[in-house]
Amino acid sequence: MDINKEKEYLKMVETVIDDTAFSIDSEIDRRTKGLQADRTFIWETFAEMDEYEQAATQNEAHIASDELKQIIKFRAVLERQKDSPYWGKIIFQEDGMPSIDIYIGIATLADSRENLLVVDWRAPVGNLYYDFELGEAQYRAPAGIVKGEIEGKVQFKIKNAELQYAVDTTTTITDEILIGELAKNASILMKNIAATIQKEQNKIIRYPINQNLLIQGVAGSGKTSIALHRVAYILYNCRGIIRAKDILIVSPNSAFSGYISHVLPELGEQNVVQISFENMANTELSDLCTFEKRTVYLEEVYNGRISDEEIADMKYKASERFVSEIKTMVKFVEKKSFVPKNFVYRDYTCTKETFQNLYYKTFASYPPLKRIPLIVGYVEDEIVSRFNLNKNDSLHAKLVERLNPLFRRYSPLDIYKLLLKNLAKEGKPVIVPDTDGEIPFEDVYGLLLLKVLYAGTRTNYGKFKHVVIDEMQDYIPTQYAIINSLFECPKDILGDMNQIIDPYMNIGSIDTVKRLLGNTSFFSLETSYRSSSEIIDFANTLTGQHINAIDRHDEVPELVQCTSVDDEARKILAEVDRAINVRKFGSVAIIAKNTHRAEELYEKMKGTPVCLLTDSDTKYQGGIILTTALIVKGFEFDEVIVADADSDNYSTDSDRHILFVACTRALHVLKLFYTGDKYTC
């Protein structure tokens, strides 16, 4: 490899980026001024136009605005390319053709003569870089399979437009380079991994877009990053068909949504729609009730303030049997909600049998209450056609008034309470909630499922063309039933069964998830790229599983015994000082088991740089935080300090999973502090 030649190539690419950026800046300026002039013209002359001219003029303005947005987006991608335009090169000889150099980077770049200088990592040819070593290789192009031979591969490290190194390699990512990238300190936002994608990760990212994927990945395996890169891959390969607004990510909480928000823009794509299940429930149930947040519920569980009766209630409401009971109840109410009879308007008659056919067959795929306006619309269309009328609000209101007696509307909350009362009479271990106050957490998703099936939703979730659902292990059968009901599009569902932290309301096993979701392609990721080998070895002792670790070494996790709570606080602060000032870490998490203990510990640390983070809706700002494992699932930190790692706090099977989650947030250093006896889980 000629390093000087590579430096010259980089310099040429940087020149093209600068020239292209200059040209685009001029184009943006020209189009912006033109759009402003067009809008001024429309404002001044709109009243003088007929309705066709108005529609055409507005449409032209919208098209011009959309084109400008795309150009601005391309300019932002160029700005990102300026720092590091590519990270790899393959020398590929297609059968019967001369060898060519293909540079792989964040986005495709061409010069003024349309010569390709950099190829987008998501392009079909990019697959050669991730999946093949030297020798025979092939990729699927739009015209068919392209076969050939990889004669060479090079990995680059380019930063601030400077070539730091170039390494010949026979594999996709050499261990030295991968370990070097993974050894870097954590950032306050999740980083993209496009330059270090591994073969097993690439397979998932590029899997057929119309397939449902189920991904079980150990802590630190990159499953969330893979899902986000798959989203970027879909947006690239389905451009014009699937846009950012057509994709939904169901994330654990708002804090995590903020944490992953930087990945897609770094990959040159707009952020997609994000929502948590809790926010979804809040939107759909706000007119029915308020409810207990999951964080509050788990605090009660962790503090042991749950009775045996409540535990039995939770377990039943987290069962597949409960889903069946809800669906049976909705079917019962579906019939009670409809009283068909003949309807006469002038000499037009819509018979009882027609109404039955509409309700039970034509519109059967809709929730019962959503069928009402559809049936009204059907009758309205019939009357308008028969009597040659124009549709108007008066006619519609009259038909609604006359057809309303055919339907009975029940409150989903009343139906839900009736269901529980009936189940209690049958001897099922359920508790009927007091609906005058907050609905307990254990009732939220049963009520939401019933509402979805009977009354439908306020938001049109059917508009999404691809859905990503993270932390699958935290969902219960009622939530999976909601997922199946709302999302008919392809779904990527991911999580880790070893990170179940709710002892009562959980999905249980990956086999249950497979059964509830139906037809999915399953992937298992068993290598952690986050933590050092020493931390992974320690984490393996907690769960008895065998997570494969990348060969990156750091300090052995340490257990520190303290004489008192005050002594523990002092020693933790001393460790924080070492982490920041000696190790030069940028992020340190002190993780308590529950919010109550985190708040107590924080009182002893006031006046220090430690920030308390116990709200899942609060954005993580980096630095030193005092938090709980529940809040920072999915996050990573340079150092993790586990507080109160004693037998009083960590002794049960559920505690073991909480401790596992806390420990596997650490990249480099893990310290566990305790008073009395250490954890026994």
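Of note:
- Here A364 does not qualify as assigned to a helix (DSSP H, G or I) and loosely packed, with under 14 Cβ neighbours inside 10 Å.
- Considering residues of region 546-591 that are in a loop (DSSP other than H, G, I, E, B) and open to solvent by less than 40 Å² (accessible area, probe 1.4 Å) only, the residue nearest to D496 (Cα to Cα): I547
- Residue check for E600: within 20 Å of N649 (Cα to Cα), open to solvent by less than 70 Å² (accessible area, probe 1.4 Å), assigned to a helix (DSSP H, G or I) and in contact with a helix residue (DSSP H, G or I) (Cβ under 9 Å, 6 or more places away or on another chain): no
- Selection status of A107, under 35 Å from the mean Cα position of the chain (by Cα), within 26 Å of T32 (Cα to Cα) and outside any helix (DSSP H, G or I): yes
- Qualifying positions in region 645-665 - open to solvent by 10 Å² or more (accessible area, probe 1.4 Å) and either β-branched (V, I, T) or within 19 Å of S531 (Cβ to Cβ) (or both): T652, R656, H657
- Qualifying residue in region 271-280 (condition: more than 29 Å from L447 (Cβ to Cβ) and surrounded by fewer than 23 Cβ atoms within 10 Å (Cβ to Cβ)): yes
- From I42, I17, I104, residue being closer than 22 Å to Y129 by Cα and in contact (Cβ under 8 Å) with a residue 12 or more places away in the chain: I104
- Subset of region 503-533 (residues that are touching an Asp or Glu at 6+ places or on another chain (Cβ under 7 Å) and surrounded by 18 or more Cβ atoms within 10 Å (Cβ to Cβ)): M505, L525, R530, S532
- For region 306-324, a residue qualifies if it is touching a residue at least 40 places away in the same chain (Cβ under 8 Å), more than 24 Å from D655 (Cα to Cα) and of a type outside the set (D, E, K, R), and the qualifying residues are F322, V323.
This table checks each residue for (1) surrounded by fewer than 24 Cβ atoms within 10 Å (Cβ to Cβ); (2) touching a residue at least 60 places away in the same chain (Cβ under 8 Å).
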{"position": "K604", "(1), (2)": "yes, no"}
{"position": "G607", "(1), (2)": "yes, no"}
{"position": "Q621", "(1), (2)": "yes, yes"}
{"position": "A643", "(1), (2)": "no, yes"}
{"position": "V669", "(1), (2)": "no, yes"}
{"position": "G676", "(1), (2)": "yes, no"}
{"position": "C681", "(1), (2)": "yes, yes"}
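- Residue, least open to solvent (accessible area, probe 1.4 Å), within region 281-305, restricted to residues that are part of a loop (DSSP other than H, G, I, E, B), under 22 Å from D436 (Cβ atoms) and free of Cβ contacts under 8 Å to residues at least 12 places away in the same chain: S286
- Residues (of a type in the set (V, I, T) and without any contact (Cβ under 8 Å) to a residue 40 or more places away in the chain) located in region 571-602: V582
- Yes/no for L612 being crowded, with 24+ Cβ neighbours inside 10 Å and in contact with a helix residue (DSSP H, G or I) (Cβ under 6 Å, 6 or more places away or on another chain): no
- Selected residue (criterion: surrounded by the most Cβ atoms within 10 Å (Cβ to Cβ)) from residues of region 431-446 that are of a type outside the set (A, V, I, L, M, F, W, C) and within 15 Å of F322 (Cβ to Cβ): Y445
- Every residue from region 620-649 that is part of a strand (DSSP E or B) and over 15 Å from M190 (Cα atoms): I624, I625, L626, T627, T628, E639, V640, I641, V642, D646
- Residues in region 471-498 that are in a helix (DSSP H, G or I) and buried (at least 22 other Cβ atoms within 10 Å of the Cβ): 8 in all.
- Pairs with Cβ under 9 Å, 6+ apart, first in region 488-509 and of a type in the set (K, R), second assigned to a loop (DSSP other than H, G, I, E, B): K491/N212; K491/T520
- Selection of region 197-232 for residues being buried (at least 23 other Cβ atoms within 10 Å of the Cβ) and out of contact with any strand residue (DSSP E or B) (no Cβ under 9 Å at 6 or more places or on another chain) yields I197, I205, H229, A232.
- Within region 114-162, the set of residues being at positive phi, under 34 Å from the mean Cα position of the chain (by Cα) and either without any contact (Cβ under 8 Å) to a residue 60 or more places away in the chain or open to solvent by 40 Å² or more (accessible area, probe 1.4 Å) (or both) comprises G144, N160.
- Checklist (1) in contact (Cβ under 8 Å) with a residue 60 or more places away in the chain; (2) charged (D, E, K, R); (3) part of a helix (DSSP H, G or I) applied to D615, failing item: (3)
- So V400, is it crowded, with 17+ Cβ neighbours inside 10 Å, within 20 Å of E334 (Cα to Cα) and β-branched (V, I, T): no
The values are calculated or read from the model by the stated rules, or taken from the named source; none is laboratory data. Predicted model, so just to flag it, every value in this text is computed and none were measured. Reconstructed Cβ throughout: ideal geometry from the backbone, glycine too, with neighbour counts over all protein chains shown. These accessible areas exclude ligands, DNA and RNA; they are computed on the full protein's heavy atoms, side chains included. Shrake-Rupley method; radii C 1.70, N 1.55, O 1.52, S 1.80 Å.
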